[in-house]
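Visitor: Supplied in structure tokens, the structure appears directly below.
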Amino acid sequence: MRRILWFLLRLGVVIALAVWVAQRPGTVRLDWQGYIIQTEVGVVALALLAVGVVAYMLVRLLLLLWRSPRRLGAGRRTGRRTRGYQALSQGLLAVAAGDGPAATRLAGKADGLLNEPALTLLLSAQAAQLAGDEAQAATHFAAMRDRGATLKRPDMAFVGVRGLALQALATGDTQRALTLAQEASTLRPKARWPLLTQFDLQARAGDWTAAAATLDALTSAKALPVETLRRHRAALLVERSRVAEAEGNEDQALSLARKAHDLAPGFVPAAVQASRLLAASGSARAATRALEQAWRLTPHPALAAAWGLAGEKPGDAADPLARVKRLEALVALDPGVPEAHAALAQAAAEARLWGLARGHLTRALTLRPSARVYRQLAAVAVAEHGPGPEERGHLASAAKAPADPAWVCGACGGVNPAWGARCGHCGGFDTLVWRLPGGATASPAVDTLGFLPPPEPPAKGPAEGDDDGAQRRLPTFTLASLRPGRRSP
Ligand SMILES: [Zn+2]
């Protein structure tokens with residue numbers, strides 16, 4: 001509409017000019033070098049208009065000819081880019097479809113057409129992995145790392161390092177994996193998987209001090225839930241306290257154990273370690289206080305056993321009667337806890353108080369049937385009367401009784417005879433839970449260290465990845481992690 005108005009306006013101006021000239025007739029005379037031209041004003045105006053139109057068209061034509069090569073080049077470049085991205089997306093689909101040869105061919109094509117080394121190298125690496133050519137994939141990952149460094153693109157180098165680290169983990173080269181995870185952390189200090197990988201590897205290797213430093217970084221990166229971080233920290237402190245104790249640094253051992261107990265008062269290994277060291281340093285009352293605090297949260301046989309020993313100094317001769325007295329105080333705390341009766345019965349049997357031992361074992365059985373308590377009854381029977389039908393009766397009951405709780409690994413289900421920060425079966429860190437062995441119906445696995453989960457919100461639940469070395473799940477790469485505007489974790 002506006003164009004039509006504009007055209008009509010211009011037409012009007014031309015017509016008005018023509019009318020204006022026609023209403024003022026006259027002649028124009030040109031006398032130049034003996035040539036004389038004489039004509040009407042209207043003709044001159046028309047001639048000038050014609051010359052103007054021709055000149056304008058000539059200029060447009062010249063400009064078009066001048067610009068066309070550049071336009072053609074730009075068109076060709078756009079075409080290349082379009083075909084390059086087409087090859088890239090088809091290559092991605094081929095990877096997703098598990099079509100190795102097509103992925104390799106399309107990766108090569110995309111690489112030739114596009115100047116996007118991060119994307120095309122990653123696709124090439126994925127295609128090589130799909131084809132089972134890990135060496136070729138490693139070459140591409142290393143190229144990503146090197147070119148990322150040269151091009152000052154840490155995101156690209158990070159993905160290359162991650163690829164190499166996962167390869168090292170898959171082949172069991174933990175030392176190289178650790179070095180690469182540390183390198184990834186320097187590229188992105190807050191990224192989650194490098195820290196989790198470092199922590200996991202350090203903990204599995206029993207390098208508690210290094211693991212504690214990594215746990216600090218995990219804490220500042222908010223990479224794990226607060227409760228999990230606290231449990232991990234307490235477990236590390238107990239292990240460090242044990243190491244210090246074994247090296248003869250009793251003060252340091254006590255300080256570490258107390259930190260662990262303060263951090264997690266219901267954590268049985270911390271309370272046992274702290275109370276033992278406190279008792280050894282002569283603070284029997286503080287030792288008992290630590291045990292009581294833990295006992296009220298988790299009545300565990302190890303706490304009861306430590307309670308019985310809490311008044312004894314290392315050099316003292318064992319005094320079974322004093323132990324019985326101390327455990328009577330534990331039973332008095334809550335007479336409804338079978339573990340207290342079983343511990344008291346054990347001390348009574350050591351003091352040869354058979355009647356007392358039997359009485360508390362029977363009480364423990366009425367509170368909760370237990371194979372362990374039946375075996376204790378059998379042992380009392382043997383100690384008092386020697387082997388015979390009474391012993392056999394208790395052993396038969398033990399065989400039929402429900403199993404007792406144990407330190408069960410939440411990751412592999414293995415039963416560990418004693419608590420350790422590492423599972424004796426799978427090496428998982430802080431995976432042991434005091435619960436009934438076997439059935440998955442018991443308390444759910446807790447504190448499995450989430451390892452390399454693909455999508456990464458700032459802090460995620462603890463059980464998103466199983467962490468047992470044998471069945472480590474290696475996430476596959478996705479180009480989504482490299483898409484502009486979305487940073488890979
Ligand atoms: Zn395990």
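Visitor: Are there any pairs, at least 6 apart or on different chains, whose C-beta atoms fall under 6 Å, with the first in the range 420-437 and within 17 Å of H232 (Cβ to Cβ) and the second near the ligand (Cβ under 8 Å from one of its atoms) and of a type in the set (D, E), and if so, which?
Guide: Between residues of the range 420-437 that are within 17 Å of H232 (Cβ to Cβ) and residues that are near the ligand (Cβ under 8 Å from one of its atoms) and of a type in the set (D, E), the close pairs are C426/D468; G428/D468.
Visitor: Hey, another quick one. Give the residue, chosen from L330, L263, L256, that is surrounded by fewer than 24 Cβ atoms within 10 Å (Cβ to Cβ) and either out of contact with any Cys (no Cβ under 6 Å at 6 or more places or on another chain) or over 22 Å from W419 (Cα atoms) (or both).
Guide: So the residue among L330, L263, L256 that is surrounded by fewer than 24 Cβ atoms within 10 Å (Cβ to Cβ) and either out of contact with any Cys (no Cβ under 6 Å at 6 or more places or on another chain) or over 22 Å from W419 (Cα atoms) (or both) is L263.
Visitor: From the set of residues in the range 396-407 that are surrounded by fewer than 16 Cβ atoms within 10 Å (Cβ to Cβ) and either closer than 23 Å to A347 by Cα or charged (D, E, K, R) (or both), which is nearest to the ligand (Cβ to nearest atom)?
Guide: A403
Visitor: Would you check if there is a residue in the range 289-303 being at pLDDT below 90, under 45 Å from the mean Cα position of the chain (by Cα) and over 29 Å from A401 (Cα atoms)?
Guide: The answer is no, given that none of the residues of the range 289-303 is at pLDDT below 90, under 45 Å from the mean Cα position of the chain (by Cα) and over 29 Å from A401 (Cα atoms).
Visitor: I need a count of the residues in the range 411-422 that are more than 20 Å from the chain's Cα centre (by Cα) and of a type in the set (A, V, I, L, M, F, W, C).
Guide: 3
Visitor: Can you confirm whether R71 is exposed (fewer than 15 other Cβ atoms within 10 Å of the Cβ) and either out of contact with any His (no Cβ under 8 Å at 6 or more places or on another chain) or within 29 Å of A184 (Cβ to Cβ) (or both)?
Guide: Taking the combined requirement at face value, the residue satisfies it.
Visitor: Going by the structure shown, is A345 assigned to a helix (DSSP H, G or I), under 42 Å from the mean Cα position of the chain (by Cα), closer than 22 Å to R375 by Cα and touching a residue at least 24 places away in the same chain (Cβ under 8 Å)?
Guide: no
Visitor: Of all residues in the range 408-428, how many are surrounded by 20 or more Cβ atoms within 10 Å (Cβ to Cβ) and more than 10 Å from the ligand (Cβ to nearest atom)?
Guide: Count: 1.
Visitor: Return the total of residues in the range 27-53 being surrounded by 10 or more Cβ atoms within 10 Å (Cβ to Cβ) and either of a type outside the set (A, V, I, L, M) or in contact (Cβ under 8 Å) with a residue 60 or more places away in the chain (or both).
Guide: The qualifying residues number 5.
Visitor: Is there a residue in the range 26-41 that is touching a helix residue (DSSP H, G or I) at 6+ places or on another chain (Cβ under 6 Å) and assigned to a strand (DSSP E or B)?
Guide: So far as the range 26-41 goes, yes, one or more of its residues are touching a helix residue (DSSP H, G or I) at 6+ places or on another chain (Cβ under 6 Å) and assigned to a strand (DSSP E or B).
Visitor: Another question, then. When the range 176-206 is examined, which residues are found to be in contact with a Gly (Cβ under 9 Å, 6 or more places away or on another chain), surrounded by fewer than 22 Cβ atoms within 10 Å (Cβ to Cβ) and under 23 Å from L237 (Cα atoms)?
Guide: Within the range 176-206, just R204 meets the criteria.
Visitor: Say whether the condition of being away from the ligand (no atom under 16 Å from the Cβ) and within 46 Å of the chain's Cα centre (by Cα) is met by at least one residue in the range 380-393.
Guide: no
Visitor: Also, quick follow-up: Just to be sure I understand the filter: pairs with C-beta atoms under 8 Å, separated by 6 or more residues or on different chains, first member in the range 114-137 and assigned to a loop (DSSP other than H, G, I, E, B) and at pLDDT below 90, second member aromatic (F, W, Y) and surrounded by fewer than 20 Cβ atoms within 10 Å (Cβ to Cβ). Which pairs pass?
Guide: Listed pairs, sorted by first residue: L114/Y85.
Visitor: Shifting gears a bit: With L321, L333, L377 as the choices, which residue is closer than 30 Å to A235 by Cβ, out of contact with any Pro (no Cβ under 7 Å at 6 or more places or on another chain) and away from the ligand (no atom under 16 Å from the Cβ)?
Guide: Step by step, each of L321, L333, L377 is checked, and only L333 is closer than 30 Å to A235 by Cβ, out of contact with any Pro (no Cβ under 7 Å at 6 or more places or on another chain) and away from the ligand (no atom under 16 Å from the Cβ).
The values are calculated or read from the model by the stated rules, or taken from the named source; none is laboratory data. It should be emphasised that the depicted structure is a prediction, and the values quoted were computed from it without experimental measurement. Every residue, glycine among them, receives a Cβ derived from its backbone with ideal geometry; neighbour counts consider all protein chains shown.
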